[in-house]
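Colleague: Can you keep this structure in mind? I'll have questions shortly.
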Amino acid sequence: MEINDYMKLPYTRLVQEMHDESGDYFYGRILELDGCQSTGATLEELYQNLNEAMSGYLEVKLLHHIPIPIPESANNYSGKFVVRLPKSLHQRLAIEAEKEGVSLNQLALYKLAL
């Protein structure tokens, strides 16, 4: 495959609005491509910069014959996994969920999504 072929694949783009000592801007990264990231003053600029970063990332990987991850479909995941917790943490989360009026599953989903 060539760079343009990879660029057309449905990679996951994570975007965050940032407000820090550098100012207000957008930060984005390609989840499947470790280290492929960029910033922009606007969403449009971020998207353009992220595409440029991705193109450069892919170029280097192809030049050095380094494998490039292919994005996986969400259909490959069941949406379920099991986590073992210390009893004290399980208790604390159950109490917090009860106080919030939500299930423990909903509370865990909320906390994981942060």
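Colleague: Charges at C-beta only: +1 for Lys and Arg, -1 for Asp and Glu. How large is the resulting dipole of the chain about its Cα centre, in Debye rounded to 20?
Modeller: About 840 debye.
Colleague: Highest first, please rank the peptides 61-72, 97-108 by the mean number of other Cβ atoms sitting within 10 Å of their residues.
Modeller: 97-108, 61-72
Colleague: In the chain, once you exclude exposed chymotrypsin sites (Phe, Trp or Tyr not before Pro) (DSSP loop, at most 12 other Cβ within 10 angstrom), what's the longest stretch remaining?
Modeller: 1-76
Colleague: Setting aside same-chain residues fewer than 8 positions from LYS87, which lysines have a Cα under 26 Å from its Cα?
Modeller: LYS99, LYS111
Colleague: Once phi is turned into ³J(HN,Hα) by the Karplus curve 6.51 cos²θ - 1.76 cosθ + 1.60 with θ = phi - 60°, what whole-Hz value does each residue of the stretch 74-90 show in order, with x for glycine and proline?
Modeller: 3J(HN,Hα) across the stretch 74-90, in whole Hz: 4, 5, 7, 10, 7, x, 9, 8, 9, 10, 8, 10, x, 4, 5, 6, 4.
Colleague: For the chain, modelled as a GNM with alpha-carbon contacts under 10 angstrom, which of LEU50, LEU31, LEU85 fluctuates the most?
Modeller: Its mean-square fluctuation being the largest, the pick is LEU85.
Colleague: Quote the relative contact order of the chain in percent (integer), defining contacts as alpha-carbon pairs under 8 Å separated by 6+ residues.
Modeller: Relative contact order, the chain: 17 percent.
Colleague: What residue among ILE70, ASN51, TYR110 has its Cα farthest toward the positive end of the dipole of the stretch 25-114, where the charges are +1 on Lys, Arg and -1 on Asp, Glu, each on the Cβ?
Modeller: TYR110
Colleague: Using a Gaussian network model of the chain whose springs link C-alpha atoms within less than 10 Å, name the residue from LEU14, LEU89, LEU46 with the highest mean-square fluctuation.
Modeller: LEU89
Colleague: What accessible area per residue, rounded to a whole number of Å², is obtained for the chain using a probe radius of 1.4 Å?
Modeller: 80
The values are calculated or read from the model by the stated rules, or taken from the named source; none is laboratory data. From a predicted model like this one, the values you see are computed outputs, not experimental measurements. All Cβ positions, glycine included, derive from the backbone under ideal geometry; neighbour counts span all protein chains shown. SASA here: full protein model, heavy atoms, side chains in, ligands and nucleic acids out. Shrake-Rupley method; radii C 1.70, N 1.55, O 1.52, S 1.80 Å.
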